[in-house]
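S.K.: My questions all concern the structure below.
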Amino acid sequence: MSVEGPEASGTSKAPATLRSALGIDATTTIGDTVTFDIPGISPVSAVVDYLNHWFIGLHTDDALLRFYGRNAFGGNVDAAHHLFATDTDGKAATAAWAAWLDSVYA
């Protein structure tokens, strides 16, 4: 699933806003666990597997969560996730992540 963030996620401050919402701070490194709440899904506890200024990679037992700082190229932040749980409702997950991104940048 892929969700483009709202227009407000196209600013130079977008990566810092996203990191804060994901529980990532200046001391977070690859291998650390972060926890955040996605209404409609549940609290997410994920391991950081890639981290730079424009890209955040997280994984759980049943998902790869990828966030792209496309604002660097004139776009908006994008969330592109691979959800492997057999009981995943793709439409509901997409709606939940879209609502969450909208709230992060509200």
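Read-outs: derived from the displayed coordinates by stated rules, not from any lab. Just so we're clear, the structure is a prediction, and the values are computed from it rather than from any experiment. Cβ atoms come from the backbone with ideal geometry, glycine included; neighbour counts cover every protein chain shown.
S.K.: Using 1/(1 + (r/R0)^6) with R0 = 25 angstrom and r between the beta carbons of PHE84 and LYS13, what's the FRET efficiency to the nearest 0.05? Provide the component values of the computation, followed by the final result.
M.R.: Working: r = 32 Å, r/R0 = 1.29.
With R0 = 25 Å, the Cβ-Cβ based efficiency is 0.20.
S.K.: Per the helix-only calculation at 222 nm, which mean residue ellipticity applies to the chain, given -39500 (n - 2.57) for every DSSP H run of n ≥ 4 and division by its residues, nearest 500 deg cm²/dmol? It would help to have the intermediate numbers written out before the result.
M.R.: On the way: 2 runs with 23 residues, N = 106.
Calculated at 222 nm, the ellipticity per residue is -6500 deg cm²/dmol.
S.K.: Give me the one-decimal Kirkwood hydrodynamic radius in Å for the chain, with the sum taken over alpha-carbon pairs. Present the calculation step by step, with values, prior to reporting the outcome.
M.R.: Working: mean 1/r = 0.0728 Å⁻¹.
Value: 13.7 Å, from the Cα pair sum.
S.K.: Quick one: putting +1 on the C-beta of Lys and Arg, -1 on the C-beta of Asp and Glu, what dipole do you get for region 46-106 around its Cα centre, in Debye to the nearest 20?
M.R.: 280
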